[in-house]
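Below is one structure; the comments refer to it alone.
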There are 2 protein chains.
Amino acid sequence: MFRTKNCGELRSRNTGENVTLAGWVKRSRNMGGMTFIDLRDRYGVTQLAFNMEVNADLCEKARKTGREFVIQVSGEVMERSSKNKELPTGDIEIKVDAFTILSKAETPPFTIEDDTDGGEELRMKYRYLDLRRDPLQRNLALRHKLALETRKFLDDQNFLEIETPYLIKSTPEGARDFVVPSRMHENQFYALPQSPQIFKQLLMVSGYDRYFQIVRCFRDEDLRADRQPEFTQIDCEMSFVEREDVLQTFEQLARHLFRETIDVELPEFKRLPYAEAMEKYGSDKPDIRFDMPICNLTDEMKGADFKVFDSAAYIAGINAKGCAGYSRKDLDKLTDFVKRPQIGAKGLVWVKYNEDGSIKSAVDKFYAQDELRNRLAKTGAEPGDLILILSGNQKSMQKALGELRLEMGNRLNLRKSTDFAPLWVVDFPMFERDDETGQLHAMHHPFTAPAKKHESLLRSEPQNALANAYDMVINGVEVGGGSIRIHNRDTQEAVFDALNFTREEAQEQFGFLMDAFKYGAPPHGGIAFGFDRLAALTAGKDSIRDFIAFPKNNAGRDLMIDAPATVSAAQWEELHLKPLQNEK
Amino acid sequence: MFRTKNCGELRSRNTGENVTLAGWVKRSRNMGGMTFIDLRDRYGVTQLAFNMEVNADLCEKARKTGREFVIQVSGEVMERSSKNKELPTGDIEIKVDAFTILSKAETPPFTIEDDTDGGEELRMKYRYLDLRRDPLQRNLALRHKLALETRKFLDDQNFLEIETPYLIKSTPEGARDFVVPSRMHENQFYALPQSPQIFKQLLMVSGYDRYFQIVRCFRDEDLRADRQPEFTQIDCEMSFVEREDVLQTFEQLARHLFRETIDVELPEFKRLPYAEAMEKYGSDKPDIRFDMPICNLTDEMKGADFKVFDSAAYIAGINAKGCAGYSRKDLDKLTDFVKRPQIGAKGLVWVKYNEDGSIKSAVDKFYAQDELRNRLAKTGAEPGDLILILSGNQKSMQKALGELRLEMGNRLNLRKSTDFAPLWVVDFPMFERDDETGQLHAMHHPFTAPAKKHESLLRSEPQNALANAYDMVINGVEVGGGSIRIHNRDTQEAVFDALNFTREEAQEQFGFLMDAFKYGAPPHGGIAFGFDRLAALTAGKDSIRDFIAFPKNNAGRDLMIDAPATVSAAQWEELHLKPLQNEK
């Protein structure tokens, strides 16, 4: 070993010990006759002291040692005269008497500090330097801890971690697959899994009873800001269970993880039906750290000769408590917010409940003050409040109000990253209809069982059937989702029928699963958690990228290793491929 | 839950309890007025009893229930009149009073028993049924336990599990890569990693100090019997360490795993230099559960006018203790064995030390008995022993004697699957020379550091430089291998030079690693274990296939899901590809 202690463990109780440390030079300071170096490793920072009078050579050498040099030093642990209370090792320093440079360093392209001066692109290219920064080291340590505690908890609950293959078969269902050309089987391809869904169901058919896996998944999608082509799931499945068993088990998992990693006791997990979530929060993943529900005012607001409302299919508002003081400028900003194409409202109607009891609104000429007060009674508005109203198509205005609600939550600082408000959203529809084609699509995936009471609807009116599916939502983030699965051929065929799969298509793509159901399949269900997102959420962060050691950029590129890249002509040939355009 | 207890937990202390069980019908037996069903789940087997006199309907129903049906039953736990001592639940049975068929089953294509009647191909196609068999369930449970204990141990030792990317860049070094065409970047490819080698070294440069990962790796090789295109590694790396630190750490890991999973205390790990391993055992992964070393007899056997020996560069033998009684037929079989093309000897010279003190050999006409006894003194042969001698080219005959030694070990039952004999093979050469091209190749990989005392040889006579590399070998299986790595550009460049890489090639392929070394790299080293093989070894088995839930066959096919497979014309087009031969 190049060290006897690490840079994070020495305390004043170690005073007088002779130690050897190794690490990176974080910074050095010359103070007259003394030179100090802060030596850094994963465990902490320790101050090294060099005295010009005691050992000039050593001190000179220390002065020539630049940032990020890797050095090894030996010396005695001394109590510091001026202690640094900010640092766990701040009571001591090392009086260095031997010094070796293990590796020199050029000046890094950006500073290795919590707040670095490096831009996004530069930090991605030199990811190995960015990863030296404390925030990233903390993130990856948290991720490690989350994974380990997940495994401990699930092992305690009799789950077996079983690895499923990464080289599987492409299925057109769902998102686009990454594929892998086979050299041995000309013009055939493996596909990388979008999830181990079918394999975990087969493991239930095989009697493994409780399965989990922390597993990489792949989707070749056009990348949005916070999506990665490869991402990690905590994937779980249980046999002989009903919905409540799954919810209880994984609520306990979430509790365990928050307790063990960030010492937080999660409050009760509410159960919220999908329809109610959309109605009250305009979202299937509501942030319930704050209330501010959407209040349907369609009946209340009509009949005052205000054409916009009279012609609207749906009118609803939210009560922004204490915001009556908003200026014209504030309200214009909110109006701009809701008119952005992503939100899609035509305009915003605001109503101020002034502290003096008077009411001021954008629709004063259509509603008398008292009338407006009556019509808005169900919003619970009190003096000081601001009511924000949108109107139009119900589905899109619910979503718009949901976004406006989150925006107001941000403005009112009601979405603290250290508060955690979990819930289960349940009773999702089985299918959603494609507005263009009129086709039904599986809202979760085609293996989701219908709610018990809706099994008969599956053939008669599938569009109205509810699914036995559930999402775990924390702070407006969909942390996990799953369902009770279909475990017999008849129901599975009914779903494929509703999705307009021919028997042949169904058999070709999922034949082995349908076949498996012929040989005795247990009732089963499960869930999958987005592990990257769970790590970010636990740390109170929005972006997953800083919780992945080597992420890709929005174009799916790894800027550090420069992938994807060209391959040799020999590789093309071995794989029996040529480019569509003969550009090579 | 569909059950209150599982099929493995009821004992006589539960007598009188009302329980609900669910599981698979393992078998049923009609005994006059009684019908018995053995109900199976992952946890065990419980006997269900149906009495025709008590409830004829239920008993009739039970009689119609076939093998592998999934059923749910309720009833009272009763003490059995005739107990089954073979079964943990053998003291009790369930007097069933309610019975539900959860899922019917067709007759499986092979029997779900420890010794099944299904052939290899059929069992691969119906892997989900094969996985129901006890031996496979035990294997996957053992694998789960090994993974969990690996993580617990390494976490205790301050290792962080950090996930590295699966979509990386193809490098011509080593085996053939699987590649993934990019849709967004025309005619560019990702590659699937053969190992996370470079990423783990970068993590050391990033200061993560101790890294591990249980990770999938991919190699597009022509498959031999027991190779898989995707396999799992326990991949580890440590900073500020020397060889001894790595060996100590992972010897402890191996001890921990054997103790926790199969309750075995591993004996001392010997250190054996590569040269000595080849000399004594004809293998770089010797099975030292038994001794029987190769004895060099080149000097001793020459000069008796036996042309075969006189013209041989190398003559050596092994002493098969107690085999003097071998018949002519036995010896012919051994001769056939060494003459097989994989072994490659031209013939076998045997010398019997008979119990009566006489000597009988295949070379009686060249050596008198006493002379032969003298010449063979160093084999330590005693009455009752059999000496087996090969001659020819040293390298190939050492290997052949190594194989013969293992064969004799098998015949003498000296290789018990419940004995474990671990060792470290050390001091490997840095390079081996390709016999055809005369080119040097890295024996481990190009990031391996030379042995300290051989650093200067790297430029002067690289072919003689030893590497700071090590393999963990248990029972003749290479369980893991690793090395201290190069951590500076100069040494790395010297290795690339020895390997005949141009600076440009080195920079293009490994530039980011060479660049990383510019910014302060710690001394580091690591190891990777073949996890599939470790699981098989722990269970005392040779084949890894039964320790992988969904393996591929020797042609790289998954027979169950039928992958690889064709993809749609649209997928070809999106990926900017067309077939080399226009067969589509």
Taking R0 as 22 Å, what's the FRET efficiency between A:ALA275 and A:SER460 from their Cβ-Cβ distance, rounded to 0.05? 0.65
Which angle between 0 and 90 degrees, to the nearest 10, do you get for helix B:243-262 versus the longest principal axis of chain B when only C-alpha atoms count? 30
For B:PHE178, residues with placed amide H under 5 Å, excluding near neighbours: B:LEU192, B:ASP220
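Leaving out ligands and nucleic acids, and using a 1.4 Å probe, what accessible area per residue does the protein assembly as shown come to in Å²?
On the way: 47890 Å² over 1168 residues.
For the protein assembly as shown, the per-residue accessible area is 41 Å².
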I'd like the accessible area for A:THR379: 1.4 Å probe, protein heavy atoms, all chains in place, Å² to the nearest 10. 20
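Compute the Rg/Rh shape ratio of region B:360-469: radius of gyration over Kirkwood radius, all on alpha-carbon atoms.
Values: Rg = 20.3 Å, Rh = 18.2 Å.
That ratio is 1.12, to two decimals.
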Please state the shape class of region A:185-319: rounded when a/c is under 1.5, otherwise prolate if a/b exceeds b/c and oblate if not, all from the C-alpha gyration tensor. prolate
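For A:LEU266, A:LEU102, give the ranking by accessible area with the largest first, probe 1.4 Å. Show your work: numbers first, answer last.
Working: A:LEU266 10, A:LEU102 35 Å².
My answer, sorted largest first, is A:LEU102, A:LEU266.
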Starting from the Cα of A:LYS61, draw a straight line to each of the aspartates and glutamates and keep only those under 16 Å, dropping any in the same chain fewer than 8 residues away. A:ASP38, A:GLU53, A:ASP97
Which order do B:GLU93, B:GLU279, B:GLU574 take when ranked by solvent-accessible area (1.4 Å probe, heavy atoms of all protein chains), largest first? B:GLU279, B:GLU574, B:GLU93
Over 32 Å between Cα atoms: which of A:LYS64/A:LYS125; A:LYS307/A:LYS352; A:LYS270/A:LYS378; B:LYS285/B:LYS518; B:LYS152/B:LYS518 fall into that group? B:LYS285/B:LYS518; B:LYS152/B:LYS518
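For the protein assembly as shown, what does the helix formula give at 222 nm: sum of -39500 (n - 2.57) over DSSP H segments with n ≥ 4, over the residue count, nearest 500 deg cm²/dmol? Intermediate values should be presented prior to the final figure.
Numbers: 34 runs with 330 residues, N = 1168.
Rounded to the nearest 500, it is -8000 deg cm²/dmol.
So which GluC sites (Glu not before Pro) in region B:375-453 end up in coil per DSSP with only 15 or fewer other C-beta atoms within 10 Å? If you can, show how the numbers build up before the last one.
Details: sites: B:GLU403, B:GLU407, B:GLU432, B:GLU436; in loops: B:GLU436.
Here the GluC sites (Glu not before Pro) that fit, given the DSSP loop and packing criteria, are B:GLU436.
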Output wanted: per-residue J couplings in Hz (rounded whole) for region B:112-123, from phi through Karplus 6.51 cos²θ - 1.76 cosθ + 1.60, θ = phi - 60°, x for Gly and Pro. 8, 9, 3, 9, 8, 8, x, x, 3, 5, 5, 5
For a quick size check, give me the Cα extents of region A:290-411 along its three principal axes, largest first, whole Å. 36, 32, 25
Angle between the Cα long axis of helix A:503-516 and the longest principal axis of chain A, 0 to 90 degrees, nearest 10? 60
Label zone at A:SER396, where the point sits 7 Å out along the Cα-to-Cβ direction: region A:420-459 residues whose backbone N lies under 15 Å: A:435-436
Run the quick spin-label model on B:SER327 and B:ALA570: label points 7 Å from Cα toward the beta carbon, then report their separation in nm to one decimal. 7.0
Taking the Cα-to-Cβ direction at B:ASP222 and at A:ASP305 and moving 7 Å from each Cα, how far apart do the two end points lie in nm? 9.1
At a probe radius of 1.4 Å, what is the per-residue accessible area of B:MET31, in Å² to the nearest 10? 110
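Rounded, prolate or oblate, given the Cα gyration tensor of the protein assembly as shown, with a/c below 1.5 counting as rounded? Mind showing how you got there, number by number?
Details: a/c = 2.05, a/b = 1.33, b/c = 1.54.
Judged from the Cα gyration tensor, the protein assembly as shown comes out oblate (a/c at least 1.5, b/c at or above a/b).
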For B:ILE198, what accessible surface area do you get with a 1.4 Å probe? Give it in Å², rounded to 10. 20
Using a Förster distance of 25 Å, how high is the FRET efficiency between B:ARG411 and B:ASP542, based on the Cβ-Cβ distance and rounded to 0.05? 0.90
Report ³J(HN,Hα) in whole Hz for each residue of region B:537-546, in order, from the Karplus equation J = 6.51 cos²θ - 1.76 cosθ + 1.60 where θ = phi - 60°; Gly and Pro get x. 4, 4, 7, x, 10, 8, 8, 7, 4, 7
For region B:300-368, compute Rh as the Kirkwood radius over C-alpha pairs and then the Stokes-Einstein diffusion coefficient at 4 °C and 1.567 mPa s; write the answer in µm²/s, rounded to an integer. 97
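So between B:ASN374 and B:ARG433, what do we pick up on full extension, going 0.36 nm a residue minus the alpha carbon distance? Display every interim value, and only then the final one.
Values: separation 59, 0.36 × 59 = 21.24 nm, distance 3.85 nm.
Between B:ASN374 and B:ARG433, full extension yields 17.4 nm more.
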Counting pairs of Cα atoms in chain A, how many percent are more than 32 Å apart? 62
Considering only DSSP beta bridges whose two residues both sit in region A:12-103, what percent are antiparallel, to the nearest 5? 95
Once label points are set 7 Å from the Cα along Cα→Cβ at both A:SER12 and B:GLU355, what is their separation, rounded to one decimal in nm? 8.2
Under a Cβ-only charge scheme (Lys and Arg +1, Asp and Glu -1), can you give me the dipole magnitude of region A:290-411 about the Cα centre, in debye to the nearest 20? 460
So, with +1 on the Cβ of K and R and -1 on the Cβ of D and E, and no other charges, what is the size of the charge dipole of region B:12-103 about its Cα centre, to the nearest 20 debye? 380
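Shape of region A:12-103 from its Cα gyration tensor (a ≥ b ≥ c, root eigenvalues): rounded if a/c is under 1.5, otherwise prolate when a/b > b/c, or oblate?
It comes out rounded by the Cα gyration axes.
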Quick check: the angle from helix A:134-156's long axis to the longest principal axis of chain A, C-alpha only, nearest 10 degrees? 60
Karplus (6.51, -1.76, 1.60) ³J(HN,Hα), θ = phi - 60°, over region B:350-366, in Hz, Gly and Pro reported as x: 10, 9, 9, 9, 5, 4, 7, x, 6, 10, 10, 8, 6, 10, 3, 6, 9
Computed FRET value (nearest 0.05) for B:GLU244 with B:ASN158, which takes r as the C-beta separation and R₀ as 22 Å: 0.75
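The values are calculated or read from the model by the stated rules, or taken from the named source; none is laboratory data. Quantities reported herein were computed from a predicted structural model and do not represent experimental measurements. FYI the Cβ positions are ideal-geometry reconstructions off the backbone, even for glycines, and counts take in every protein chain you see. Side chains are part of the model used for accessible areas, which takes the heavy atoms of the whole protein and leaves out ligands, DNA and RNA. Shrake-Rupley method; radii C 1.70, N 1.55, O 1.52, S 1.80 Å.
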